[in-house]
Each structure stands twice: as C-alpha cells, then as structure tokens.
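Notes follow the structure.
The values are calculated or read from the model by the stated rules, or taken from the named source; none is laboratory data. For clarity, every value in this text was computed on a predicted model and none was experimentally measured. Cβ placement follows ideal geometry from the backbone for every residue including glycine, while neighbour counts extend to all protein chains displayed.
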Amino acid sequence: MTRLNQNLLTGLPKDILLPTYDRAALKPGIVHLGIGAFHRAHQAFYTEAILNKFGGDWGIIGSSLRSASVRDQLVPQDCLYTLVERSGDGEKLQIVGAVLDTLVGPENPAALVAQMAASNIKIVSLTITEKGYCHDPATGNLNLTHPDIIHDLANLDQPVSAIGFLVAALKQRFEQQQKAFTLLSCDNLPNNGEVLEKVVTQFAEKISSEFSAWIKTNATFPCTMIDRIVPATTDDDRRDIEARLSVNGESVRDEGMVVCEPFSQWVVEDKFADGRPEWEKVGVLLVEDVRVFEKIKLRLLNGAHSTMAYTGYLSGFQYISEVMEQPAFVNLVKTYMAREAGETISAPAGFDIEAYKQQLRDRFSNKALKHRTWQIAMDGSQKLPQRLLETLREQLASNGNIDILCLGVAAWIRYVSGVDEKGAPIEVSDPLAKELRAACDANQNNPAAIVKAVVGIQKVFGTDLIEEPRFIQTTTQWLERFYNKGVLASVNESFAN
C-alpha cells in the first residue's frame, strides 16, 4: 500500500487542505522534544498556520526520547501527516508539512544534542508529560535520585532524560560562546516555564556555577498554557482515513495521522531569547503573565478531566463522552466547576467564565472524539498535585468546599490499587505504580489505613496534607463508599438530580 509522501499531495482529494508554502524553503528553527500526537495537533498546527498564511522558513525538527515509533511513522512519508479535526458536524482533514525530520534520542544522543546546539535553532520546545521533568511534583525540585538524572550527571555526552539533553545542548552553546535558545515548555504544569528553569539550572549547577549563571542570564523559559483535546490515534482511525486519502482510486496509508477536536488555545509568555514565529497572527495569545489563564484551565478542565477519568473508568466507561451521557456525572462536573474549582479562580476582564465552563462540558461530550478514560488516568501521581491538590490546599485554607476534590483523590487511590470492582487487574501506567500498589496492598480492606498510607507519600502529597483531618476524613469516607457500593452507585446516589 502507498504511504503518504510529498509526491502524492497534488493528487489528493480537493477537500483536503494542503501546505500552501514551499516546504523546500524551510529551515530548522525549532527542535521539539516529545513529538507525540499533542505536539502535532497543537504547536506544529500553529506553526503550519503561520507558514500557510504568511510564509517564512520556520521548520521543526521533532525528536523522540524513548522509542522510534514516531520516527518510523513520519520519516518514510517525508514527515507529512494528516490532522483530523472531529466534531458532531463531521471531519476536516489537513496535511501538515512544518516538520522536517524526526530524530530518536536513544539511537544517537550526540546527534540530537548537536542539532539542538546548532546556532540556527532558536527554540527548543517540549511536550514530555509531567513525569519527563524528573522532578518532585510536591516541591518542584530536580529529583537527584531519579535513575535518568543519575545517569546523565555521569554521562552528559550520552543523555537519556529531556533535562539531560537540554543541559548538554546548552553546555555546547556556552562553551562555544553562542547565544542560548528559548526553552518552551508546553506541558500541563503550573508555571511550567519556571519548573523547567528550576530543574535545568539545578542540573547545570552540578556541572558548574558559572554555567548555571550563564543559563539564567541568557536562556529564557516562557510559561505557557496549552489546550486541545487530542486522544491517542488508533488503528481504526488510520483505516478510516485511508479511503479519504485516495490518489487515482488507490488508498493512501498515513501512519502519522492525529485526531483532535476543533477547539484549540495557546497562551504564551512573550519572553524569547532569540526570535520566534509570529504565532499571534494565527490566534496564539502572547501575554506578560500566563498564570490567570493557566489556573483557569488546569483547575476547570484538567481537574474535571482527571476526576472523570478515575470515576468513569471505575464505573465501566471507556470514553469521556460516555461519562458525560450520565446525568449524575454531568451534575458532578457542574458542581465541581461552580464550587470546588470555581471558588478558587477569578477570570480576567472580558472573560465569560460561565460560557467557558459550558464550552468545556460541550467539549467533553464530543462523541466523535474517542478520548479514553484510561489515557487521561495515566501518570496520576504527577498530575494530581497541580490538577487537584493545589485547589484542595486553597479550599482548606479558606474553609471552602472540598467534597468533590476528595472524591477525585479517593477515586485515584481506588484506581491505583490495581484491581477494579470486578476483581480484574487495572493496567496502571504511573512512575510510582509499584509504590502506590504496595501502599494499598499492605492495608487491604481498611480504607482509612489505605488513605493514610497513600497520602503519606510525600513525593505526591508533600508533608502538609497528611495533617489535615478534614481532607483525610472526607477522602476516607468516599473510599469506603467506593469499596462498599461501587463508584457508579456512589456517584449516582450523591449527584443525581
């Protein structure tokens, strides 16, 4: 079967949007670490929009830090891929051409470091998920006991972590007396640029104080807020698109395609070391302070998403849209947005927060977007601190509502126990999965002891929350109900209209 490639573009159906610029004129200006589905549907999408509307030469070099799967998807098809926007109104297909090449870090670490260190690279961006920062989520500090960090401090010429690759490239710039690049975090972390700066400079300090000081003076770490729902691409998705990508009656296979919702938002702190694309011309909001937008999104969207993921999965729902078909869950989400999360946020002038909440619920209900609860449930130990626990701390300090926040934490604890309500194993994908499972197993049939054991894990909860009796008691009550009645029955009982 024919793979998508540059030579086939002019033969594709006329309803498929194609690059309008000369791809041969592009030059590498951005290296992106973690070129998964989200980057292809979000940051590359915005760069593609700039190229299509205004031209320019901003090309992207993608990289994978774990496996060769994305490289094997993209490189054989000239790094082209189809972006499929799905909603109840149908599909829109667009071929994206902004990516020029994809490297695989473990295959040749020196090549990736050299590419990042090249003077033509102005920006190194990242979507490496929360766990890729190798930090302690409770404190934000670099985890110096992390195996990848231990390796990279001893072998910086052959790094394995994203932080090691960044520091190795910056070190070459430093030694060659070149400009630093912008380090652009696009992950769901509060103050993500500040988190990235902290772990990078803490790593660099282990090399030399002079080097660390140079980074602080010359590199920049803008904070960003990213928003687009991008489910994992399935083989069914690829098969569905084959027939659409036909040339002269022959189907065309696109292994690198990604699916997303029509909605997209990107808010970026306008703090760049050496230039950037004019993303603001295609809808990106360049601001002095991202925090107000970030807080709204993390608490309303991500907090609700995680709560729905754990309760929905345990209730037997595969997709978020299925969860939103249940009246009790819709009421749970509305109550959470109005009360627990809503009481801790304030909207900027001119921002209709109630319309935003409704828009979120509409997006969650998009049946055309098969967003799996299991996918959202991944890496909860890294996500909960910013999605639920910071809100919880604010509510505890003001004696505010914490009931649904505790429900979300209890559902996560029930999930990481590794066994569902039917006794079947749960495939828990989390860097602390073994430690969490052990805490649950050691206290079987005792929800109060399980809660205390899990909340006692300081890498997630810090040292303060174990001392909050209202939090411990409410979370224990929810976990007891989940074990006695099941999650679905508990939610229906508490949130049915």
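Computed values, structure above
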quantity	calculated
Residue in segment 192-229 that is surrounded by the fewest Cβ atoms within 10 Å (Cβ to Cβ), counting only those that are small (Gly, Ala, Ser) and part of a loop (DSSP other than H, G, I, E, B)	Ser208
Number of the exception - Ala273 against (1) within 26 Å of Ala397 (Cα to Cα); (2) outside any helix (DSSP H, G or I); (3) among the small types (Gly, Ala, Ser)	(1)
Qualifying residue in segment 124-132 (condition: among the hydrophobic types (A, V, I, L, M, F, W, C) and under 30 Å from Leu392 (Cα atoms))	yes
All positions within segment 432-451 that are modelled with pLDDT of 95 or more, part of a loop (DSSP other than H, G, I, E, B) and over 18 Å from Ala377 (Cβ atoms)	Ala442, Asn443, Asn446
In segment 35-65, residue farthest from Leu80 (Cα to Cα) [restricted to those that are in contact (Cβ under 8 Å) with a residue 40 or more places away in the chain, small (Gly, Ala, Ser) and surrounded by fewer than 22 Cβ atoms within 10 Å (Cβ to Cβ)]	Gly56
Every residue from segment 311-333 that is closer than 20 Å to Trp412 by Cα, surrounded by fewer than 17 Cβ atoms within 10 Å (Cβ to Cβ) and not polar (S, T, N, Q)	Gly316
Out of Leu144, Leu189, sole residue that is part of a loop (DSSP other than H, G, I, E, B) and over 20 Å from Phe272 (Cβ atoms)	Leu144
Residues being assigned to a loop (DSSP other than H, G, I, E, B), touching a Gly at 6+ places or on another chain (Cβ under 6 Å) and closer than 18 Å to Leu170 by Cα - total across segment 92-141	1
Top-ranked residue of segment 276-296 - restricted to ones that are within 30 Å of Ser365 (Cβ to Cβ) and part of a strand (DSSP E or B), ranked as farthest from the chain's Cα centre (by Cα)	Val287
